[in-house]
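Asker: Below is the structure I would like to discuss, written out as structure tokens.
The values are calculated or read from the model by the stated rules, or taken from the named source; none is laboratory data. Since the structure is predicted, the reported quantities are computational estimates derived from the model, not experimental observations. Counting neighbours? That spans all protein chains shown, and the Cβs are built from the backbone with ideal geometry, glycine included.
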Amino acid sequence: MPQNNSPLPKRDINAVLRDHDKELLAIPGVVGVYVALLDDGKTPCLKVMLARKTAETERVIPRTLEGYPVVSEVTGEIRPLGNP
């Protein structure tokens, strides 16, 4: 997956997510992606939700995309709710 390691993001993070969400979701074990903030509460990042963390997912998920940090988090499997 191509990475742009420029120090400052050039585009809006939502546009970056829109352009890369399908390739991130195609990685086995990735169950979702979204825009969030780092723990500092100020820095925008892309969060990648994982069913489980593996060495393979850690290897293939980029650390940055177009200057924005990419953070993995284990959420477990995500399934739609059934009809009530």
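Asker: Which of the residues spanning the stretch 66-83 are more than 9 Å from the chain's Cα centre (by Cα) and among the hydrophobic types (A, V, I, L, M, F, W, C)?
Answerer: Across the stretch 66-83, the qualifying residues are V74, I78, L81.
Asker: Further, regarding this structure: Select from the stretch 61-84 the residues that are among the hydrophobic types (A, V, I, L, M, F, W, C) and exposed (fewer than 14 other Cβ atoms within 10 Å of the Cβ) and write down the one among them that is nearest to R11 (Cα to Cα).
Answerer: Ranking the candidates gives V74 first.
Asker: Which numbered condition trips up L46, out of (1) surrounded by 15 or more Cβ atoms within 10 Å (Cβ to Cβ); (2) at pLDDT 95 or above; (3) not in a strand (DSSP E or B)?
Answerer: (3)
Asker: Additional query: Of the numbered conditions (1) in a helix (DSSP H, G or I); (2) surrounded by 12 or more Cβ atoms within 10 Å (Cβ to Cβ); (3) modelled with pLDDT under 95, E56 fails exactly one; give the number of that condition.
Answerer: (2)
Asker: Turning to a different aspect of this structure: V16 is checked against (1) surrounded by 16 or more Cβ atoms within 10 Å (Cβ to Cβ); (2) modelled with pLDDT of 95 or more; (3) in a loop (DSSP other than H, G, I, E, B) and fails just one. What number does that condition carry?
Answerer: (3)
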